[in-house]
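What follows is a single structure, written as structure tokens, with notes after it.
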Amino acid sequence: LSAALRLGVAGLGTVGGGLLKLLAEQGKALTGRSGRKISVVAVAARDRKKDRGVDLSKVRWVDDPVALARDPEVDVVVELMGGSEDPAKALVEAALAARKPVVTANKALIAHHGVAIAKLSERHGTPLHFEASVAGGIPIIKALREGFAGNRVDSLYGILNGTCNYILTTMRETGRDFADVLAEAQKLGYAEADPGFDIDGIDTAHKLAILASVAFGVPVNIGAVHVDGIRNLSLDDIRFADELGYRIKLLAIARRTPHGLEQRVHPCMVPNNTPIAHVNGVFNAVVVEGSSVGRVMLEGRGAGAGPTASAVAADIVDIARGVSLPVFGVPTANLARLPAAPTRRHQGAYYIRLVVLDRPGVLADIAAALRDAKVSIESVIQRGRAPEEPVPLVLITHDTEEARMTRALERMVKLDTVTRPPTLIPIEQL
Ligand code: NAP
Ligand code: HSE
């Protein structure tokens, strides 16, 4: 056996705790696979007294996580604290500068500072691995960087947030309230420290920006991702989707278009007969369309201690084996500059749910707004009768340009009979 690989782990929450447990259970197998004993020699977190449910008696506690980068007994830094700024950023930068390979699960950090950190990794010839940052236990970074290296990727889409998928699935299956299911997802260790990152689509956007970089060979650009979350969806939308033959999923989509690279995160109606419509609960899925391989779908648990620790452990084994790859699949100097496709040019059909006063002529006013924006209606659902009371009105459009929909909605919200901001959900024919 070669010398042991000594880890310094910063962050002992859901993922850090899960990693320590995995290393304790799978230690022998990992040694067999990598030819080196892998041991945790130092850890850092905020609260030294907190019970982590793992034995830390033989591990050195370090108060300042950044000190792990300078620690002469630490060979590899594992950053599992989270957050796009310090101390996570300072730790990763200091470790790479000290030529210590880094493993991180931190998508916020990579999405915001990925290119600068990749340059640092190149300058110091030191690997940076971040498999756990996207889609939990699904080895999608490895698949894109290595398995699909022979392809030109034309599109990539998927469900990348376990918390949102858990909420949407549970609401649909049980009729339970949004806030109640979110609290449950937090208890299960799925949510971010600030769950607003999950439900507002930000976490998914971080992940999409990372995947787009590796898949299309472009610099990570979180600013180019159009983001909308699931906060404003209601049980009504979930029920109408069912009735219309769709499921609502928070999708991340990146694709080459004639206008440039489109990167979007928002709730979508997906046809009930597509595989992705049946990816439920905490499960994630990523679909890659490659020039030679065609369509490939990978599915697995996207959040939680075990799946995420599984991805972190795979990165550690790669480091123990001496694997070193360009951070985003190509050296940073070769990352291509693709223009960002403007959202207003997006083409597709839409679901619109309005709450309108039940009054003669309402439907004609709404139809006129769509007609004048040159949007054609495919179907309408208006149910119930409550003269002068608010009732839901649901419309499905034919394919159109997003700019036209925006124009029509601007006109609808000005109508006295429209009592609330409309809900607009793109329909994706995947
Ligand atoms: P968590 O449960 O909140 O744990 C965070 C850990 O970092 C805690 O141990 C905390 O210390 C420590 N920490 C936070 N700020 C610190 C600071 N300033 N100094 C020292 N220690 C600090 O979070 P998590 O769910 O494990 O997530 C960790 C990372 O993995 C994040 O980047 C997250 O986005 C990513 N991730 C999470 C999942 C998941 O399913 N949870 C999946 C994939 C990726 P205390 O315990 O003492 O408070
Ligand atoms: N909060 C994230 C999620 C954790 O729910 O998907 C996994 O990245």
statement: If you go through 56, 5, 68, 30, the only one that is crowded, with 18+ Cβ neighbours inside 10 Å, in contact (Cβ under 8 Å) with a residue 12 or more places away in the chain and either within 16 Å of ligand 1 (Cβ to nearest atom) or not aliphatic (A, V, I, L, M) (or both) is 68
message: Among the residues in the range 143-163, are any within 27 Å of residue 316 (Cβ to Cβ), within 16 Å of ligand 1 (Cβ to nearest atom), of a type in the set (Gly, Ala, Ser) and out of contact with any Gly (no Cβ under 6 Å at 6 or more places or on another chain)?
response: yes
query: Pick from the range 163-214 the residues that are surrounded by 23 or more Cβ atoms within 10 Å (Cβ to Cβ) and in a loop (DSSP other than H, G, I, E, B): which of them is farthest from ligand 2 (Cβ to nearest atom)?
result: 201
- request: Report, by residue number, each residue of the range 33-48 that is of a type in the set (D, E, K, R) and more than 9 Å from ligand 1 (Cβ to nearest atom).
  value: 33, 36, 37
message: Quick check on my filter: what residues within the range 37-62 are out of contact with any strand residue (DSSP E or B) (no Cβ under 7 Å at 6 or more places or on another chain) and under 22 Å from residue 193 (Cβ atoms)?
response: 45, 46, 47, 49, 50, 51, 52, 53, 54
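Before we move on, is residue 73 of a type outside the set (Gly, Ala, Ser) and within 24 Å of the chain's Cα centre (by Cα)?
Spelling it out, it is not the case that residue 73 is of a type outside the set (Gly, Ala, Ser) and within 24 Å of the chain's Cα centre (by Cα).
Whether any residue in the range 301-308 is touching a Lys or Arg at 6+ places or on another chain (Cβ under 8 Å) and more than 16 Å from ligand 2 (Cβ to nearest atom) is what I want to check. Spell out the reasoning first.
If we filter the range 301-308 for residues that are touching a Lys or Arg at 6+ places or on another chain (Cβ under 8 Å), which is where we start, we get 305, 307.
When the remaining residues are screened for being more than 16 Å from ligand 2 (Cβ to nearest atom), the result is none.
No; the residues of the range 301-308 include none that is touching a Lys or Arg at 6+ places or on another chain (Cβ under 8 Å) and more than 16 Å from ligand 2 (Cβ to nearest atom).
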query: Restricting the first residue to the range 268-284 and requiring it to be in contact (Cβ under 8 Å) with a residue 60 or more places away in the chain and under 21 Å from residue 307 (Cα atoms), which pairs with a second residue that is part of a strand (DSSP E or B) and hydroxyl-bearing (Ser, Thr, Tyr) meet a Cβ separation below 9 Å and a spacing of at least six or different chains?
result: 276/157
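Just checking, which of 229, 217, 260, 245 is among the small types (Gly, Ala, Ser), modelled with pLDDT of 95 or more, touching a strand residue (DSSP E or B) at 6+ places or on another chain (Cβ under 8 Å) and surrounded by 16 or more Cβ atoms within 10 Å (Cβ to Cβ)? Steps first, please.
Details: 217 fails: touching a strand residue (DSSP E or B) at 6+ places or on another chain (Cβ under 8 Å); 260 fails: surrounded by 16 or more Cβ atoms within 10 Å (Cβ to Cβ); 245 fails: surrounded by 16 or more Cβ atoms within 10 Å (Cβ to Cβ).
From the options 229, 217, 260, 245, the qualifying one is 229.
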- line: In the set 415, 393, 370, the lone residue that is of a type outside the set (D, E, K, R), outside any loop (DSSP other than H, G, I, E, B) and in contact (Cβ under 8 Å) with a residue 40 or more places away in the chain is 393
query: Of (1) touching a helix residue (DSSP H, G or I) at 6+ places or on another chain (Cβ under 8 Å); (2) at pLDDT 95 or above; (3) closer than 27 Å to residue 127 by Cα, residue 338 satisfies all except one. Which?
result: (2)
message: Pairs needed: first member in the range 186-201, at positive phi; second member anywhere, more than 9 Å from ligand 2 (Cβ to nearest atom) and not small (Gly, Ala, Ser); C-beta distance under 7 Å; at least 6 residues apart or different chains.
response: 201/227; 201/228; 201/250; 201/265; 201/266
Filter result for the condition that a residue is of a type in the set (A, V, I, L, M), more than 16 Å from ligand 2 (Cβ to nearest atom), at pLDDT 95 or above and not in a helix (DSSP H, G or I), over 375, 317: 375
- prompt: Tally time: how many residues in the range 186-214 are out of contact with any strand residue (DSSP E or B) (no Cβ under 6 Å at 6 or more places or on another chain) and either within 11 Å of ligand 1 (Cβ to nearest atom) or more than 16 Å from residue 255 (Cα to Cα) (or both)?
  reply: 19
statement: Filter the range 345-362 for residues that are under 20 Å from residue 414 (Cβ atoms) and charged (D, E, K, R); the one that is modelled with the highest pLDDT is 353
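The values are calculated or read from the model by the stated rules, or taken from the named source; none is laboratory data. Just so we're clear, the structure is a prediction, and the values are computed from it rather than from any experiment. Every residue, glycine as well, gets a Cβ built from its backbone with ideal geometry; the counts of neighbours run over all protein chains shown.
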